[in-house]
Amino acid sequence: MEYYITVEPGVRIYVNDINPQGDKPILFMHGWPANHHLFEYQYNELIQKGYRCIGMDVRGFGKSDKPVYGYDYDSSADDIRCVIETLKLKDLTLLGHSTAGAVAIRYMARHNGYGVSKLVLCAAAAPSLIQRPNFPYGLKEEDVIEIIQNTYKDRPQMLDDFGKMFFYQPVTEAFSLWFGSLGAVAASWATAYVACAWLYETLFDDMKCINVPTLIMHGIHDQVCKYPLGVAQHKGIKGSKFVTFEESGHGLFYDEKDKFNCELMNFVG
């Protein structure tokens, strides 16, 4: 079932409730600059096992509305709250990849984990995507600025370049074109504004607020959200489980999809 959920006047979020009759609901939050179709290789397996898979396009991306504001982590977390309340979701597993992993952490802190009983972070952009004086990991600030500049200069080329660093395992040309098409339907301003948020958003304090079982999955070869970010999340989130993906980059859900799906289902139960 497909829904448009109004999260504020004039802004609707698209949600695909793929198996609404299933149990053990999982809300899949995609990373930048894609949309909920990023997880189709999870949906295909999990719905056959009876899971309720809910894919949400974050504002500015996919089929969701594309306002010129609201691309900070607080606004994104508030959008999640509206979706969870509208669908009356309970005992939910919240899964966030990349930037959405960071937003999921902000949601847990800002909304006290409303409706969420388990959290899954996949290649999450936390506690900081870029290097800082107290955090010498992640991307260099100038690298993010270059991504922003290239978004305004030649977004198709930027998306192509990003796709080449996303996966560790080889992908077919057809798959690469499909992956690029996910980012192409996003608003250009949303693509740039989310990247701008990477420069100032941090989640060091937010991680301390998480009090539900948390699974952290991270690829050693991740060129976007470096592997030490996953290590830092594990240290910062009390009682979390950390699973290393030895043959994965940023797209671990496809690089090692069988392992990813198995770990996810074992964790959700």
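Couple of notes before you dig in:
- Sorted peptide list for 209-222, 255-268, criterion being average Cβ within 10 angstrom, highest first: 209-222, 255-268
- Sequence-ordered 3J(HN,Hα) estimates for segment 99-106 from the Karplus curve with 6.51, -1.76 and 1.60 and θ = phi - 60° stand at 4, 5, x, 5, 5, 4, 5, 4 Hz, glycine and proline given as x.
- Shape metrics for the chain, restricted to C-alpha atoms - Rg then Dmax, Å: 16.7, 48
- Whole-number percent relative contact order across the chain, with pairs defined as alpha carbons under 8 Å at least 6 apart: 20 percent
- Taking every DSSP helix (H) stretch of at least 4 residues in the chain, weighting each as -39,500 (n - 2.57) and dividing the sum by the residue count yields a mean residue ellipticity at 222 nm of -12500 deg cm²/dmol.
- Environment charge of I5, counting only residues whose C-beta is closer than 14 Å and scoring Lys/Arg +1, Asp/Glu -1: -3
- Around the amide H of Q169, modelled in the peptide plane, lie the amide H atoms of G249, all under 5 Å away and 5 or more residues distant in sequence or on another chain.
- Binned Cα-Cα distance frequencies in segment 126-269 - 5 Å width, integer %: 2, 9, 16, 18, 20, 18, 12, 4, 1, 0
- For F245, the residues 5 or more places off, or on other chains, whose built amide H falls under 5 Å of its own are H218, G219, I220.
- Per-residue 3J(HN,Hα) values for segment 144-161, derived from phi via the Karplus relation 6.51 cos²θ - 1.76 cosθ + 1.60 with θ = phi - 60°, read 5, 4, 5, 4, 4, 4, 6, 5, 6, 7, 7, 4, x, 5, 4, 5, 5, 4 Hz in sequence order (x marks Gly and Pro).
Here, each number is a calculation from the coordinates, and none is a lab measurement. Just so you know, these numbers come straight off a predicted model, no measurement behind them. In this analysis, Cβ positions are derived from the backbone assuming ideal geometry, glycine residues included, and neighbour counts consider all displayed protein chains.
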